[in-house]
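A quick write-up on the structure given underneath.
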Amino acid sequence: MKIILDAMGGDNAPDANIKGAINAINKIKAEVILVGKEEIIRSKIKEFTGKEIEEVSNRLKIKNATETIEMEDTPTLAIKHKKDSSMVVGFKMLKEGKGDVFISAGNSGALLTGATLIVGRIKGIDRPALAGILPAHKSQLLLIDAGSNTNCKPINLLQFAQMSSIYLRNTYGIKNPAIGLLNIGTEETKGNELVRESYKLLKEKSEELNINFVGNVEGRDAFSGKIDAIVTDGFTGNVFLKTTEGLGKFVKRTLTESFMANLGAKISYLIAHKPIKSLSKAMDYKSYGGALFLGVKKPVVKAHGSSDALLFEYTLIQAEKFVENKAVDNMIEEFEIKK
């Protein structure tokens with residue numbers, strides 16, 4: 001198996017990307033191909049390890065790419081004109097079968113455009129969507145769309161629900177995943193026009209498409225453990241995602257400061273440190289890796305733009321599992337072949 005990693009994409013590139021790959025290489029079986037400016041990648045590996053890349057691992061490779069798509073670049077123009085960018089080169093390698101999964105923390109719009117134009121959509125899916133995994137009570141929550149489609153139609157949300165159902169059944173073994181529609185209330189009449197029309201369509205088509213639609217879900221109930229996936233447009237989903245991550249950081253920081261406040265608090269921490277560490281781990285979004293683009297013909301993973309080395313490490317481990325579990329193959333079989 002070969003994992004293609006955009007070494008130049010993201011806020012902390014290339015350092016975090018390369019460190020993450022170095023840390024992950026002995027925890028996975030796959031070969032990792034770092035795509036980017038070869039001279040810089042080689043120099044950074046030598047800086048971080050004191051060794052040449054060939055000495056670090058025979059499963060760590062480099063594919064040279066002379067350009068980089070920046071966060072401020074217009075997605076479509078960047079994909080069309082920066083043909084030797086680390087992102088476009090990575091996508092072409094994926095399409096040509098020179099890798100099994102592509103990871104990037106770069107420009108989200110460009111990643112969606114490249115995945116759609118270069119790799120291609122699964123037949124029957126109008127818009128691929130980011131499916132991110134979040135912690136929930138004694139389980140996990142799939143959020144779709146987590147930020148790729150800011151403007152959606154009801155048919156898009158219906159397809160998001162269908163894709164998440166197929167993905168959770170085949171990859172996570174959840175026989176009848178509960179799919180909720182993110183809304184400001186549980187009643188059918190609540191929400192804006194998109195949500196109300198999407199509710200009607202989901203209710204009408206859920207049995208036909210084998211979707212266990214459980215209705216509207218308020219944000220405060222999303223992490224109850226009773227919902228397996230929550231469906232929304234990319235704008236709302238991205239706000240929801242980043243708010244959740246911010247809340248997790250706030251809780252961890254507040255707990256740490258509280259237990260370091262005085263001697264009595266420190267003694268209390270010695271008693272309670274195990275459940276606190278368990279809570280901290282459960283709320284750490286980094287351990288859940290990146291988000292898979294559901295709806296494209298090959299596995300494409302969007303890592304957080306602000307990913308550090310640890311998050312890249314987890315994302316590489318996660319990407320290997322995506323390929324092993326045949327997440328995209330199962331999506332094609334159930335969504336395309338049976339159409």
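Read the figures in this text as sums done on the coordinates, not as results from a lab. Given the structure is predicted, the values throughout are model-derived calculations rather than measurements. So basically every Cβ, Gly included, is an ideal-geometry build from the backbone, and we count neighbours across all protein chains shown.
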Relative contact order for the chain, counting Cα pairs under 8 Å that sit 6 or more residues apart, in percent: 23
Could you work out how far apart the two model spin labels at T254 and K266 are, taking each label as a point 7 Å from the Cα in the direction of the beta carbon, and quote it in nm? 2.4
Please give the length that would be gained between L247 and N151 if that part of the chain were fully extended, namely 0.36 nm times their separation in residues minus their C-alpha to C-alpha distance (nm, one decimal). 32.0 nm
Dipole in debye (nearest 20) - the chain, about Cα centre, beta carbon charges: Lys, Arg +1; Asp, Glu -1: 620
Under a Gaussian network model of the chain whose springs join Cα atoms within less than 10 Å, the largest fluctuation of V239, V296, V323 belongs to V239
Semi-axes of the equivalent ellipsoid of segment 1-95: what are they in whole Å, largest first, if each equals the square root of 5 times a C-alpha gyration tensor eigenvalue? 23, 14, 11
Candidates A291, A30, A229; GNM for the chain (alpha-carbon contacts under 10 Å) flags as most fluctuating A30
Any idea how far apart E218 and S57 come out in nm if each label point goes 7 Å out from Cα toward Cβ? 4.6
Where Rh is the Kirkwood radius over Cα pairs, Rg/Rh for the chain: 0.99
Which pairs break 28 Å Cα to Cα here: K138/K252; K44/K326; K61/K302; K242/K321? K44/K326
Separation between the K80 and K190 pseudo-spin-labels, each 7 Å from Cα along Cα→Cβ, expressed in nm? 4.3
Length gained, T66-K123, 0.36 nm per residue minus C-alpha separation, equals 17.2 nm
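Quick check for me: using +1 on Lys/Arg Cβ and -1 on Asp/Glu Cβ, what's the dipole size of segment 131-286 about its Cα centre, in debye to the nearest 20?
On the way: 20 positive and 15 negative charges, 169 e Å.
The calculation lands at about 820 debye.
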Calculated SAXS-style log₁₀ I(q)/I(0) at q = 0.15, 0.20 Å⁻¹ - segment 131-286, Debye, Cα scatterers: -0.77, -1.19
Computed, not fitted: 222 nm per-residue ellipticity of the chain from DSSP H runs ≥ 4 (each -39500 (n - 2.57)), nearest 500, equal to -14000 deg cm²/dmol
Springs between alpha-carbon pairs under 10 angstrom, Gaussian network model over the chain: which of E38, E313, E187 fluctuates most? E187
